[in-house]
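I have placed the structure first, in the form of structure tokens, so that the comments after it can refer back to it.
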């Protein structure tokens with residue numbers, strides 16, 4: 001999980017400037033139940049501090065829906081209200097991962113997520129105050145199981 005987080009943060013730091021922003025190679029419909037495992041917080045009170053499910057209260061994600069259709073359709077529902085109502089700037093789905101990134105209109109708030117099909121790991125990152133020097137991050141980790 002640690003290596004996956006490093007790769008995920010590497011991609012986010014470069015804002016996918018040279019990456020292909022749309023790459024849907026696999027048709028699939030997933031219905032997932034995801035249990036909250038831990039969160040890493042970066043804000044004025046915490047500097048990338050990790051909290052387990054015993055230390056912080058977070059809801060599980062029930063009925064996370066992922067629909068991918070080649071060549072460019074990727075729909076994700078029930079991850080967050082923001083993700084439910086926005087177009088993704090980056091959307092990738094293949095046999096290994098589902099990856100998304102979306103920004104608000106002012107590009108001062110973003111949400112990203114990576115779901116690894118093989119392990120069932122989901123990482124959901126929320127970044128706010130992007131334009132400020134002190135960005136805030138909330139990186140949540142979930143363990144997901146397919147309902148199908």
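The values are calculated or read from the model by the stated rules, or taken from the named source; none is laboratory data. Given the structure is predicted, the values throughout are model-derived calculations rather than measurements. Methodologically, a virtual Cβ is constructed for each residue, glycine included, from the backbone with ideal geometry; neighbour enumeration extends over all protein chains shown.
Miscellaneous remarks
- Selection count where residues are within 30 Å of residue 147 (Cα to Cα), at pLDDT 55 or above and surrounded by fewer than 16 Cβ atoms within 10 Å (Cβ to Cβ), scope segment 2-27: 5
- Number of the exception - residue 48 against (1) touching a helix residue (DSSP H, G or I) at 6+ places or on another chain (Cβ under 8 Å); (2) exposed (fewer than 13 other Cβ atoms within 10 Å of the Cβ): (1)
- Scanning segment 67-79 for residues that are surrounded by 16 or more Cβ atoms within 10 Å (Cβ to Cβ) and farther than 14 Å from residue 101 by Cα yields 68, 78.
- Options 49, 67: the member that is in a strand (DSSP E or B) and in contact (Cβ under 8 Å) with a residue 24 or more places away in the chain: 67
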